[in-house]
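Since every read-out is calculated from the coordinates, none of them should be taken as a lab result. Not measured: the values here are computed from a predicted model. Counting neighbours? That spans all protein chains shown, and the Cβs are built from the backbone with ideal geometry, glycine included.
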Amino acid sequence: MSRTSRVASSAKIVYNEEEGIKLTERTAMDIKLIASDMDGTLLNAQSELTPRTIRALFAAADRGIYFVLASGRMARAMRPYAERLPMNAPIIASNGALIYDLRTGETLYEVNLNQRDATDALTALEEMGLYVQSYIGDDYYFERETEFGLNYARAVAVEGLCAGTKLSQFRTDEILKLLVIDDPVRIRELQPLFAKKFGDRMHVTISRPWFLEFTHLAAEKGRALAALAEKLGVSRERIAAFGDAQNDMSMLRYAGVGCAVKSAAPEVLAMADQIVPGHDEDGVAAWIEERIGIS
């Protein structure tokens with residue numbers, strides 16, 4: 001499977017099971033910034049950073065390339081991974097609702113859901129009996145503990161706070177995002193339903209097969225990446241971005257080279273410039289190794 005990139009020389013990268021990644025024409029424009037989603041992209045199926053991935057990212061940083069973690073996760077849940085990587089740039093958290101510099105503790109950009117929109121969405125979700133989490137500041141809240149919530153807390157190693165009441169009747173101001181957790185089949189059914197109901201007021205995207213996320217219309221990874229790239233003085237043509245889910249599509253669309261791991265959702269594979277090996281095959285590392293010539 002192959003895609004042609006948007007970079008100046010229209011280089012083509014081909015990936016197949018037998019040969020891996022093969023760069024058939026070198027690009028004239030050097031990459032200066034790499035942005036990557038975490039879960040399902042940079043991390044393997046065990047939510048781990050492999051030694052190969054860490055090595056490749058440090059090699060890129062040694063060559064003056066910025067690395068940006070861009071995740072649906074809250075900043076607290078990104079920090080343990082970031083501390084093992086060459087974080088020479090701020091992170092993009094909560095699907096682009098937050099740009100945060102872990103090195104300095106500075107918030108560069110933050111956009112919360114409109115309070116009325118958050119209240120309306122929470123009410124609609126609660127009326128359907130769905131499990132939902134509300135993200136405020138550096139914490140997240142839920143109405144009551146469920147298996148969905150317990151599994152989430154274990155996966156991200158961050159404990160949430162029990163509101164003890166319906167979230168629509170709790171704090172609805174300063175909410176970075178709402179997260180619904182359910183069975184993947186149910187999530188696929190819910191996404192178009194809520195996109196139709198609230199799509200003119202907020203983004204409603206699937207970030208993982210079992211996650212449905214609600215964020216402000218100004219909160220998306222692509223918009224955050226554009227703002228960060230401008231601050232760093234990097235043109236979009238010199239950006240490579242990697243992702244696997246709906247919430248990554250704006251970032252892949254903005255970057256000069258938008259790469260989907262082969263394990264990505266069908267709609268992401270369809271729009272990507274390039275397809276790289278899956279997240280369990282160190283796909284991001286493989287691309288970096290080939291592109292910047294490290295072994």
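Numbers for the structure displayed
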read-out: Listed peptides 152-165, 247-260 by packing density, highest first (mean Cβ within 10 Å); value: 247-260, 152-165
read-out: Backbone N within segment 141-174 under 16 Å of label point (7 Å from R186 Cα along the Cβ vector); value: 143-152
read-out: Neighbour-count ranking [beta-carbon atoms within 10 angstrom, fewest first] of D101, D282, D200; value: D200, D101, D282
read-out: Burial order of peptide ranges 207-219, 122-134 (average beta-carbon count within 10 Å, highest first); value: 207-219, 122-134
read-out: Too-long pairs where the Cα-Cα distance tops 24 Å, listed order kept, from K32/K221; K221/K262; K32/K177; K166/K221; K197/K221; value: K32/K177; K166/K221
read-out: In order through segment 105-111: 3J(HN,Hα) via Karplus (6.51 cos²θ - 1.76 cosθ + 1.60), integer Hz, x for Gly, Pro; value: x, 8, 8, 8, 7, 8, 9
read-out: Calculated SAXS-style log₁₀ I(q)/I(0) at q = 0.10, 0.14, 0.17 Å⁻¹ - segment 115-216, Debye, Cα scatterers; value: -0.23, -0.47, -0.71
read-out: Phi to ³J(HN,Hα) by Karplus 6.51 cos²θ - 1.76 cosθ + 1.60 over segment 244-255, Hz, x for Gly, Pro; value: 9, 10, 3, 6, 9, 5, 5, 5, 5, 5, 6, 5
read-out: Using alpha-carbon coordinates, inclination of helix 184-198 to the longest axis of the chain, degrees; value: 70 degrees
read-out: Selection from A163, T53, T146, by position along the positive dipole direction of the chain (Cβ); value: T53
read-out: The chain: radius of gyration over Cα atoms, expressed as a fraction of 2.2 N^0.38 Å; value: 0.98
read-out: Chain lengthening between C162 and E83 when straightened (0.36 nm per residue, less Cα-Cα); value: 25.6 nm
read-out: Per-residue HN-Hα couplings for segment 176-183 [Karplus 6.51, -1.76, 1.60; θ = phi - 60°; Hz; x = Gly/Pro]; value: 5, 7, 10, 10, 9, 10, 6, 4
read-out: Degrees between helix 115-127 axis and first principal axis of the chain (Cα, 0 to 90, nearest 10); value: 80 degrees
read-out: Fraction of antiparallel bridges per DSSP, the chain only, in percent to nearest 5; value: 65 percent
read-out: Cα Rg, Dmax (largest Cα-Cα span) when computed across segment 27-85, Å; value: 12.0, 38
read-out: Inter-site label distance for D30 and I294 at 7 Å from Cα along Cβ, in nm; value: 1.5 nm
